1. Every residue in the stretch 84-96 that is surrounded by fewer than 17 Cβ atoms within 10 Å (Cβ to Cβ) and assigned to a loop (DSSP other than H, G, I, E, B), please.
2. List the number of the failed condition for Ser60; all other conditions in (1) at pLDDT 90 or above; (2) surrounded by 12 or more Cβ atoms within 10 Å (Cβ to Cβ) hold.
3. What residue, of Lys35, Lys113, is in a helix (DSSP H, G or I), at pLDDT 85 or above, over 30 Å from Phe14 (Cα atoms) and basic (Lys, Arg)?
4. When Val53 is evaluated against the numbered criteria (1) in contact (Cβ under 8 Å) with a residue 40 or more places away in the chain; (2) touching a Phe, Trp or Tyr at 6+ places or on another chain (Cβ under 7 Å); (3) of a type in the set (A, V, I, L, M), which criterion, by number, is the only one it fails?
5. Which residue pairs have Cβ atoms under 6 Å apart, sit 6 or more places apart or on different chains, and have a first residue in the stretch 8-25 that is charged (D, E, K, R) and a second that is loosely packed, with under 13 Cβ neighbours inside 10 Å?
6. Would you check which residues across the stretch 72-83 are exposed (fewer than 15 other Cβ atoms within 10 Å of the Cβ) and either among the polar types (S, T, N, Q) or not in a loop (DSSP other than H, G, I, E, B) (or both) and list them?
7. Mind checking which residues of the stretch 69-103 are within 16 Å of Val36 (Cβ to Cβ) and touching a strand residue (DSSP E or B) at 6+ places or on another chain (Cβ under 7 Å)?
8. If you check Thr75 against the conditions, is it at pLDDT below 85, closer than 27 Å to Ile40 by Cβ and of a type in the set (Val, Ile, Thr)?
Amino acid sequence: MGEIANCPNCNVLFVKGIKSVCDACYQEEEAMFDKVYTFIRKKENRMATIDEVVEATGVSRDVIMKFVNEKRLHTGNFPNLTYPCYKCGGPIKEGKLCRSCTNEIKSDLQREKEIEEVHKANKESEHRQNTYYSGISSRNRHN
């Protein structure tokens with residue numbers, strides 16, 4: 001069962017369930033989607049950039065990006081329909097980060113893991129150096 005929420009677009013109360021906006025805003029978004037999809041489906045518009053789609057349809061960049069993020073518009077079918085990487089702002093077609101930023105983050109994580117392993121090895125080595133053994137075995141103590 002849904003919960004009562006305010007529509008993020010128009011602030012009207014609605015029952016939040018499958019849709020994250022009220023019915024009126026949902027219908028408006030669907031009309032915008034149809035407008036965008038109809039435009040980019042035309043053969044002569046398949047190479048359009050997001051800015052060109054915005055200009056031709058009047059639908060805001062944010063709404064078009066929402067359609068892309070929801071995977072309603074597949075950027076693989078429209079080669080110039082890219083959106084910015086969340087980290088560097090470079091153009092990407094899928095995910096949230098470009099390949100360069102993803103590799104940079106992986107590299108940073110690997111470096112941190114290696115540093116952590118060195119610290120762990122140093123602590124173990126330090127612990128062994130500070131541990132003293134008496135040389136008396138447990139058998140010799142009872143004699």
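1. Listed by number, the residues that qualify are Tyr86, Lys87, Cys88, Gly89, Gly90, Lys93, Glu94, Gly95, Lys96.
2. Unmet condition: (2).
3. Lys113 is the lone residue from the list that is in a helix (DSSP H, G or I), at pLDDT 85 or above, over 30 Å from Phe14 (Cα atoms) and basic (Lys, Arg).
4. Condition (1) is where Val53 drops out.
5. Lys16/Gly2; Lys16/Glu3
6. Correct list: Asn77 only.
7. Scanning the stretch 69-103 gives Thr82, Tyr83.
8. Criteria met by Thr75.
The values are calculated or read from the model by the stated rules, or taken from the named source; none is laboratory data. Just so it is clear, the model here is predicted, and its values are computed rather than measured. Every residue, glycine as well, gets a Cβ built from its backbone with ideal geometry; the counts of neighbours run over all protein chains shown.
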